[in-house]
Amino acid sequence: MKDLESLSASQAAKALAQREIKATDLLLSCLDRIGQRESAVKAWVSLGKENALARAKTLDKGAIKGILHGLPIGVKDLFDTYDLPTAYGSPIYSNHYPSTDAVSVALMRQAGGIILGKTVTTEFASFKGGPTTNPHHMKHSPGGSSSGSAAAVADFMVPIATGSQTAGSIIRPASFCGVVGYKPSYGKVSVAGVKSLAPSLDTLGCFGRTVGDVALGVAAMSGDHALSIVKDLHRKPRVAICKTADWELANPDTVAAIALARFTAEVIAKGTVSDLSLSSEFDELRQTQTRIMLSEMSRSLTFEREHHSQKMSAQILKQLSDGAQIPYAQYSADLLHAKQAQALIADLFTKQIDLVIAPSAIGQAPLLKDGTGDPVFCRIWTLLGLPCINLNIASNANGLPIGIQLIAGPGQDQFLLSAARAFALAMPDPVLRDQAS
């Protein structure tokens, strides 16, 4: 068997369940990789080596515990963990030790997962970047806010890691790091025990190297274990490309990626892939999402701003100030606009389309000095609460990954995973087809 740390989560889970490999050996391989690469990648805030090894030894001796039996997991440092500090990306909480796990973390442990450590998040899952670098090019950003999780999975430090998305914090770093990132339908995974940024938008998901990996992760995080079985796509889906109203911001790499995605989608659609132009009701959704996010942030972080503003970055304080200036009447109108748009998109998916393809990001990962990247191409899909998945579809001249996102209708997570696997298998590049596993 190949080096254990390079196994996908799905491959490793199968081998562990059949007792072909030991949880202890897989964990040690991951720790060895971290030892080799962490000084450059800087993906981790803390590691719980002793507890993880003790857990692995126990799992090796006992019965198979669940769908994640023996899998090492990276947990974004926004999620509470009872046995590791949780700082939420802020010095305010540098010595914070929660007494319980977040619901999603507890469910992953219940399913047999081994919490290896906490991965870097941006400050309160906002936009101020941390120390993490892009494993493909150290001068570039891994994206945010789930920086460490995306980088750790991309660099073979861990097979699976959790993330959260309020604007584009799963899809964008997955695109920049060349991994599969899955943001399930809004509400699929409980947000209890995860530091809130904007409750109307916050959505939990995960990163892996294959569609099967992220299906496994979200199945455990949600308690919907049936989701872990990615079914074959037995019907011809109605597929559309949606460039969105912000298409002019896409750089040549993203334009080329969408063209390649169209070609690949024609294989699974067994025919023409249409172009979807959203009606005028959707034109202002990006601004609506931004206002809702800023308004809710300004309230969610009231305690921190009132008592510890000196430990907060100028960047996030500016966001909180901007959010506080949004009238509550405007916020209420924005929530209503969002609900109306959600009803319209649900009707559109029922009557016209099954799968939408859209950009994941403007282009390649920006330089570290330029921040974590603009989530512009993710904002509306997050606001609409739709399940989204990033697949790596190309690399540009600099060797940096370029991703596209597939989007399904409300609650159609199982279909999205099936379509994503079929899409990956249809890719012309045989290496990229490995994302299907």
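Projecting each Cα onto the charge dipole of the chain (Lys/Arg +1, Asp/Glu -1 at the beta carbon, about the Cα centre), which of GLY70, LEU197, CYS388 comes out farthest on the positive side? The residue sitting farthest along the positive end of the dipole is GLY70.
Order by neighbour count: CYS378, CYS206, fewest other Cβ atoms within 10 Å first, most last. Spell out each step's value before the answer.
Numbers: CYS378 29, CYS206 36.
By the 10 Å Cβ count, ascending: CYS378, CYS206.
In what sequence do TRP44, TRP247 fall when counting other Cβ within 10 Å, fewest first? Walk me through the numbers before you get to the answer.
On the way: TRP44 22, TRP247 14.
Fewest to most other Cβ atoms nearby, the residues stand as TRP247, TRP44.
For region 4-228, rounded, prolate or oblate, judged on the Cα gyration tensor with a ≥ b ≥ c (square roots of eigenvalues), a/c < 1.5 rounded, else prolate if a/b > b/c? Note, shape of region 4-228 comes out rounded.
Given axes a ≥ b ≥ c from the Cα gyration tensor, I'd like to know whether region 285-330 is rounded (a/c under 1.5), prolate (a/b larger than b/c) or oblate.
On the way: a/c = 2.76, a/b = 1.91, b/c = 1.45.
Prolate shape, in that a/c is at least 1.5 and a/b is the bigger ratio.
Remark: region 424-437, residue by residue, has Karplus-estimated 3J(HN,Hα) of 4, 5, 8, 5, x, 7, x, 5, 5, 5, 4, 5, 6, 4 Hz, where x stands for each Gly or Pro and the curve is 6.51 cos²θ - 1.76 cosθ + 1.60 at θ = phi - 60°. Computed from the Kirkwood radius of its Cα pairs, the Stokes-Einstein diffusion coefficient for the chain at 10 °C and 1.306 mPa s stands at 74 µm²/s. Taking each residue as 0.36 nm, the span from ASP347 to ASN51 lengthens on full extension beyond its C-alpha to C-alpha distance by 101.7 nm. The protection proxy used here, the mean number of other Cβ atoms lying within 10 Å of each residue, ranks peptides 125-134, 344-353 as follows, highest first: 125-134, 344-353. Each residue of region 77-88 was assigned a 3J(HN,Hα) from its phi angle through the Karplus expression (A = 6.51, B = -1.76, C = 1.60, θ = phi - 60°), giving 6, 10, 8, 5, 9, 6, 10, 9, x, 10, 9, 6 Hz with x at Gly and Pro. For region 16-170, the relative contact order comes to 26 percent (Cα pairs under 8 Å, sequence separation of at least 6). Extension gain for the segment SER94 to THR302, taken as residue separation times 0.36 nm less the Cα-Cα distance, is 73.0 nm to one decimal. Phi-derived couplings, Karplus 6.51 cos²θ - 1.76 cosθ + 1.60 at θ = phi - 60°, listed residue by residue for region 232-249: 5, 7, 9, 9, 7, x, 8, 10, 9, 8, 10, 7, 6, 5, 9, 4, 4, 7 Hz, with x used for Gly and Pro. Taking a straight Cα-Cα cut-off under 29 Å and skipping sequence neighbours fewer than 8 places away in the same chain, the lysines within cross-link reach of LYS128 are LYS42, LYS49, LYS76, LYS118, LYS139, LYS183, LYS188, LYS195, LYS243, LYS311, LYS318, LYS369. In summary, the aspartates and glutamates within cross-link reach of LYS22, defined as a Cα separation below 14 angstrom excluding same-chain residues under 8 places away, comprise ASP3, GLU5, ASP60. With the contact rule set at Cα under 8 Å and sequence spacing of 6 or more, what percent relative contact order holds for the chain? For the chain, the relative contact order is 18 percent. With a simple spin-label model that places each label point 7 Å from the Cα along the Cα-to-Cβ direction, the separation between GLU20 and GLN110 comes to 2.9 nm.
No value in this document is a laboratory result; all are computed from the given coordinates. Being a predicted model, the structure only gives us computed values, none of them experimental. So basically every Cβ, Gly included, is an ideal-geometry build from the backbone, and we count neighbours across all protein chains shown.
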